[in-house]
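To start, the structure under review is shown below, and the notes come after it.
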Amino acid sequence: MESTDANMTENSPEQPGEEASRPTALITGASSGIGAAFARQLGREGWNLIIHGRREEKLRMLMHQLDTPDAGEIELVLGGLADRRTVDELIETGRRAGVSLLINNAGYGAGKDFLEDSEASQMGMLAVHCEAVALLCRGLIPGMIDSGNGQVINVSSIAGEQSLPKSAMYGATKSFLTKFTEAMALELRPAGIDMQALLPGFTHTDFHDKLPEWEREKRSRGIVRWQSAEHVAAFSLRQLRKKNPRILAIPGFFNKILYAVPHVLPRKLYYALARTITD
């Protein structure tokens, strides 16, 4: 669940005459997993980074990893995205830095029936997955349009295509995120802004570690294929940098199958299969 920790921003020492020429990326949920993998790859490429998260210790560990002689400027923004003050702080920081790549990665799941979980947890998913993403896009994309340069990655999920017990709000909010990204991509295409909905499948991060149904060993079997966060982030950036990038980025052949299954199966058969997954 997103906390309401006090917001905080920290600047690393500047390198005069060099930082202004570097592109800047803003990454939410960068303290671990896919967000941290994005930060590490972009950091190796010399980008200026604005990294956001709730866990200060993990963000500072990441910042230490990124602190190399060729690194760009690194800024930290701490706080939960369910808190509007954190979102406003990110928008202000991003505008000042001239962000050209926005990666909306922050998210969480509960792994509980909608009525059994707390109201704060369930409604928080709406705030983090939907409202915060929409506000960050609305706050930062106009600056990209003015500069004639900008790209957005919204980290959605294959779960957004599926209706599963114990994932009602998670799946619904991720579905919103995918459809929102697709529509925004069409709206912004004339302005030269690229939008990507990244739909990772099963990825080794601490996301699943927090869910009770994933306490068992995470291993590839059948069409379920686990990938590393580094692989997913690298795939996403490769796709985004193509001449005509696809709006939907789905890493892995088997994940493409998982994406397609709910669309091709008769609904009664799909519902029967879905019920067996969490029984």
Selection status of G72, farther than 24 Å from Q122 by Cα, touching a residue at least 40 places away in the same chain (Cβ under 8 Å) and of a type outside the set (S, T, Y): yes
Filtering the stretch 177-193 down to residues that are open to solvent by less than 10 Å² (accessible area, probe 1.4 Å) and assigned to a helix (DSSP H, G or I) yields L177, T178, T181, A185
Subset of the stretch 194-205 that is surrounded by 19 or more Cβ atoms within 10 Å (Cβ to Cβ) and outside any loop (DSSP other than H, G, I, E, B) - its residue that is modelled with the lowest pLDDT: T203
Can you pull out every residue in the stretch 74-108 that is in a helix (DSSP H, G or I), crowded, with 24+ Cβ neighbours inside 10 Å and among the β-branched types (V, I, T)? T86, V87
Please verify whether S157 is of a type in the set (S, T, N, Q) and without any contact (Cβ under 8 Å) to a residue 60 or more places away in the chain, treating the condition exactly as stated. yes
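Rundown of residues vs (1) under 15 Å from L26 (Cα atoms); (2) touching a Gly at 6+ places or on another chain (Cβ under 7 Å), yes/no style:
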| site | (1), (2) |
| --- | --- |
| D113 | no, no |
| M125 | no, no |
| E131 | no, no |
| C137 | yes, no |
| G148 | no, yes |
| V152 | yes, no |
| I158 | no, yes |
| Q162 | no, yes |
Could you tell me whether the stretch 223-230 includes any residue that is at pLDDT below 55 and either surrounded by fewer than 20 Cβ atoms within 10 Å (Cβ to Cβ) or not aromatic (F, W, Y) (or both)? yes
Here the residues within the stretch 162-176 that are in a helix (DSSP H, G or I) and closer than 24 Å to A229 by Cα are M169, Y170, G171, A172, T173, K174, S175, F176
Go through (1) in contact with a helix residue (DSSP H, G or I) (Cβ under 7 Å, 6 or more places away or on another chain); (2) under 30 Å from I145 (Cα atoms); (3) at pLDDT below 95 one by one and return the number of the condition G109 breaks. (2)
Subset of the stretch 109-145 (residues that are acidic (D, E) and open to solvent by 30 Å² or more (accessible area, probe 1.4 Å)): D113, E116, E119, E131
Filtered residue count, the stretch 148-161, keeping only those that are modelled with pLDDT of 95 or more and in a helix (DSSP H, G or I): 0
Index of the failed condition, R241 passing every other in (1) surrounded by fewer than 18 Cβ atoms within 10 Å (Cβ to Cβ); (2) at pLDDT below 95: (2)
Which condition from (1) open to solvent by 20 Å² or more (accessible area, probe 1.4 Å); (2) modelled with pLDDT under 95; (3) closer than 27 Å to A172 by Cα is the one that Q65 breaks? (3)
Under the condition of being farther than 9 Å from N105 by Cβ and not hydroxyl-bearing (S, T, Y), which residue from the stretch 22-35 is most open to solvent (accessible area, probe 1.4 Å)? P23
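The values are calculated or read from the model by the stated rules, or taken from the named source; none is laboratory data. Values in this document were obtained by computation on a predicted structure and should not be read as measured data. All Cβ positions, even for glycine, are placed from backbone atoms using ideal geometry, and neighbour counts span all protein chains on display. Accessible surface is based on the protein model in full, side chains and every heavy atom, while ligands, DNA and RNA are left aside. Shrake-Rupley method; radii C 1.70, N 1.55, O 1.52, S 1.80 Å.
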